[in-house]
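Before any comments, here is the structure.
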Amino acid sequence: MARPMIQVIDLHKSFGENHVLRGVNLEVDEGTTTVILGGSGSGKSVLMKHVIGLLRPDRGSVVVEGEPIEELDERELQRVRAKFGMVFQAAALFDSMTVGENVGFPLREHTKLSEAEVRERVRQKLEVVGLRGVEAKFPAELSGGMRKRVGLARALALDPKIVLYDEPTTGLDPITTDYVDDMILEAKRQLGVTSVVISHDIGSAFHVADRIAVLNDGLIAAEGPPDEVRQSRHPFVQRFLSLWFGRA
Amino acid sequence: MSTGGREEAPSAGQAATQEAVEAVESVGRSAIQLVEDVGGIALMGLQTAVWLFRPPYRLKNLVAQLDYIGVGSIFVVGITGLFTGMVFAVQTYHAFSLFDAQGLVGATVALSLSRELAPVFAGLMVTARVGSAIATELGSMRVSEQIDALATMAVDPLQYLVVPRVVACVAMMPVLTMLFDTVGIMGAYLVAVFGMGVDAATFLGRIRTWVDPEDILGGLIKAAVFGLLISLIACYKGYNAKGGAKGVGTATNEAVVMGSVTVLVVDYFLSLLLASFWSTHAARGPG
Ligand SMILES: Nc1ncnc2c1ncn2[C@@H]1O[C@H](COP(=O)(O)OP(=O)(O)OP(=O)(O)O)[C@@H](O)[C@H]1O
Ligand SMILES: [Mg+2]
């Protein structure tokens, strides 16, 4: 199919004096995994929030399956959002609900599954992220890494077409990180899920990515398949990657 | 500076001018902020009204809020009502005994309570207890991105969080006000009849003569309006909280201050409005 799943076109966003995004262009094809790399505070999270319509662009456009989402009203936006699952950087679990209620929330909102089916689905989704028997706990009782995995399970509960991961593995141990990477790959292979992943872990980025985009100074400094990006002559990209791969 | 020309060391006069300019600027900023807030709260009120009639209806959330706002406030509103009625009875008894009109204590207390004190005091207590809690809860949900998370799950946060709180507050404020009325008059009865020796039949008889249904109804209308404003202000402040824990603190603080002031200011205008309404629409009894 020619049309990309997500198109970001000349996206600008400022917060007061802080001009964060200065004309970002990005295309994400259906069934691919795009990893966004970039320094802390470079606007990766801000970019991701535009993709799902949590922030409105000052200028430019975000097109999801042909629909420019900044032109949609709240209700149409909800319809588009139903295609997405999003993992927040800080998990953003509902702290007044138990883990089970958190993961079950999208199921209870958007499906007609019975209570028993919801419970079963919740158990499965938690097991996928390596958590067992934590349904009755509250988010405050979990470790940071566990919270992150619950956030992951919640984002995947409805088997969305597009999953946005804001640093899904930051703060996880290497084994769990590897596990989450496999999860992203499996979701693509088995369900054809389109993923956008923000990561600080260059190793896992090159492991899961079909394409990599490096965000710097409010612009995409390099974009393409991992091998191509690795060869990029852009000074920031070279410096950024050399810290991982060593100076060639 | 307008003097152009030479640079001068700032004189005392200039310093005073500077201070005055800053004071005016700060008043100006507050005024702009107020206009912005009023606009934002009105808009949130409109959106709430629209979402109120759109499915899915969040009955579970509504019941939880009715319980929290209504049932949870019974104790504090009851205590406030009891002591307001009691202290008011003591004061009016002493004042009225100067011209030997102690029998009017009950009617005076009942009139003041039902028209003014019950809705206003219940409003202030609900602002302190419920308004602060709403602003804090929504504020921390905002800064920890839980509100964003709701939105990404294709659930409208306004409908999920704001509508049940506003509806529950509008529904419960009149109930709490009735409670305040009842308990307050009971308190006055205790003090006047058992403490001061006012005749029970006179106490109740005067209430019946002097207090009209309009007085009570007017108080309940006020209460519902206060409930609407208190909850909208608290939701607005929490929903738009910025920053971390400090931002949540600011939101709560502003919600309580703005809510309390609003209750007192709006009470005055509602009193005028209701008085003119009753005087054109009903033939009043004595009072
Ligand atoms: N809601 C907001 N209001 C004001 N400024 C914001 C807001 N969100 C982000 N910013 C600013 O935008 C810039 C980019 O933030 P963003 O969270 O996107 O960084 P990031 O690339 O995700 O960094 P990290 O890797 O540390 O998560 C920062 O300077 C931040 O202060
Ligand atoms: Mg981020």
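Please treat every number below as a calculation from the coordinates, not as lab data. Just so you know, these numbers come straight off a predicted model, no measurement behind them. In this analysis, Cβ positions are derived from the backbone assuming ideal geometry, glycine residues included, and neighbour counts consider all displayed protein chains.
Between A:Asp29 and B:Leu264, the FRET efficiency from the beta-carbon distance, with R0 = 56 Å, is close to 0.40. Anyone know which of B:Glu25, B:Glu36, B:Glu137 comes out most mobile in the 10 Å Cα GNM of chain B? Evaluated over chain B, the most mobile residue of the options is B:Glu25.
Please sort A:105-118, A:195-208, B:106-119, A:8-21 by packing, taking for each peptide the average over its residues of neighbouring beta carbons within 10 angstrom, highest first.
Numbers: A:105-118: 14.0, A:195-208: 21.1, B:106-119: 24.9, A:8-21: 15.9.
Averaged packing, sorted descending, gives the order B:106-119, A:195-208, A:8-21, A:105-118.
Using only alpha-carbon positions in region A:115-194, the gyration tensor eigenvalues give semi-axes of 19, 17, 10 Å once each is multiplied by 5 and square-rooted (largest first). Taking each DSSP H run with n ≥ 4 as -39500 (n - 2.57) and averaging over every residue of chain B yields -25000 deg cm²/dmol at 222 nm. Spatially close Lys pairs in region A:101-215, defined by Cα atoms under 23 Å apart and a spacing of eight or more places or different chains, total 10. If you plug the beta carbon distance of A:Arg56 and B:Ala20 into 1/(1 + (r/R0)^6) with R0 = 35 Å, you get a FRET efficiency near 0.30. Taking label points 7 Å from Cα along the Cα-to-Cβ direction, A:Ile175 and A:Ser114 give a separation of 3.7 nm.
Using C-alpha pairs below 8 Å separated by at least 6 residues, the relative contact order for chain B is 29 percent.
The 3J(HN,Hα) values that the Karplus relation (6.51, -1.76, 1.60; θ = phi - 60°) gives for region B:219-232 are, in residue order, x, 6, 4, 4, 4, 5, 5, 4, x, 4, 5, 4, 6, 5 Hz. Gly and Pro appear as x.
Take each residue of peptide A:94-100, count the partner chain Cβ atoms within 10 Å of its Cβ, and average: the result is 2. Annotation: amide H-H contacts under 5 Å for A:Ala82 (H modelled 1.01 Å from N, sequence separation of 5 or more, or interchain): none.
With a 10 Å cut-off around each Cβ of B:138-146, the average count of Cβ atoms from other chains is 4. Mean-square fluctuations from a GNM of chain A, with a 10 angstrom spring cutoff on Cα atoms, peak among A:Asp227, A:Asp29, A:Asp210 at A:Asp227.
For chain B, modelled as a Gaussian network with Cα springs under 10 Å, which listed residue fluctuates most, B:Thr127, B:Thr84, B:Thr209? Fluctuation is largest for B:Thr209. Each DSSP beta bridge with both residues in region A:123-248 is either parallel or antiparallel, and the antiparallel ones are about 50%. Note that region B:35-45 has calculated 3J(HN,Hα) couplings of 4, 4, 4, 4, x, x, 5, 4, 4, 4, x Hz, one per residue in order, obtained from phi through the Karplus relation 6.51 cos²θ - 1.76 cosθ + 1.60 (θ = phi - 60°); glycine and proline are x.
Given +1 on the Cβ of Lys and Arg, -1 on the Cβ of Asp and Glu, and no further charges, what dipole in debye does chain A carry about its Cα centre, rounded to the nearest 20?
Working: 31 positive and 36 negative charges, 48 e Å.
The dipole magnitude comes to about 240 debye.
Principal axis extents of the Cα atoms in chain A, from largest to smallest and rounded to whole angstrom, are 54, 44, 39. On a 0 to 90 degree scale, rounded to 10, what angle separates helix A:115-128 from the longest Cα axis of chain A? So the helix axis and the longest Cα principal axis differ by about 40 degrees.
With no solvent and one point per C-alpha, what does the Debye sum give as log10 I(q)/I(0) for chain B at q = 0.08 Å⁻¹? Each listed q maps to, in turn, -0.47.
How many Cβ atoms of partner chains, on average, are near each residue of B:152-162 if near means within 10 Å of its Cβ?
Numbers: counts 16, 15, 13, 6, 4, 0, 1, 1, 1, 0, 0.
The per-residue average across the peptide is 5.
The peptide list B:263-271, A:92-100, put in order of mean Cβ contacts within 10 Å with the highest first, becomes A:92-100, B:263-271. For region B:121-207, chymotrypsin sites (Phe, Trp or Tyr not before Pro) are listed when DSSP marks them as loop and at most 14 other Cβ atoms sit within 10 Å of their Cβ; the list is empty. Roughly what % of DSSP beta bridges within the protein assembly as shown run antiparallel, to the nearest 5? Taking every DSSP beta bridge within the protein assembly as shown, about 55 percent pair in antiparallel fashion.
Summarising the amide proton neighbourhood of A:Val87: residues at separation of 5 or more, or on other chains, whose placed amide H is nearer than 5 Å comprise A:Leu164, A:Tyr165, A:Asp166.
Built from the Cα atoms of region B:116-167, the convex hull projects on average onto 3.8 nm², one quarter of its surface area.
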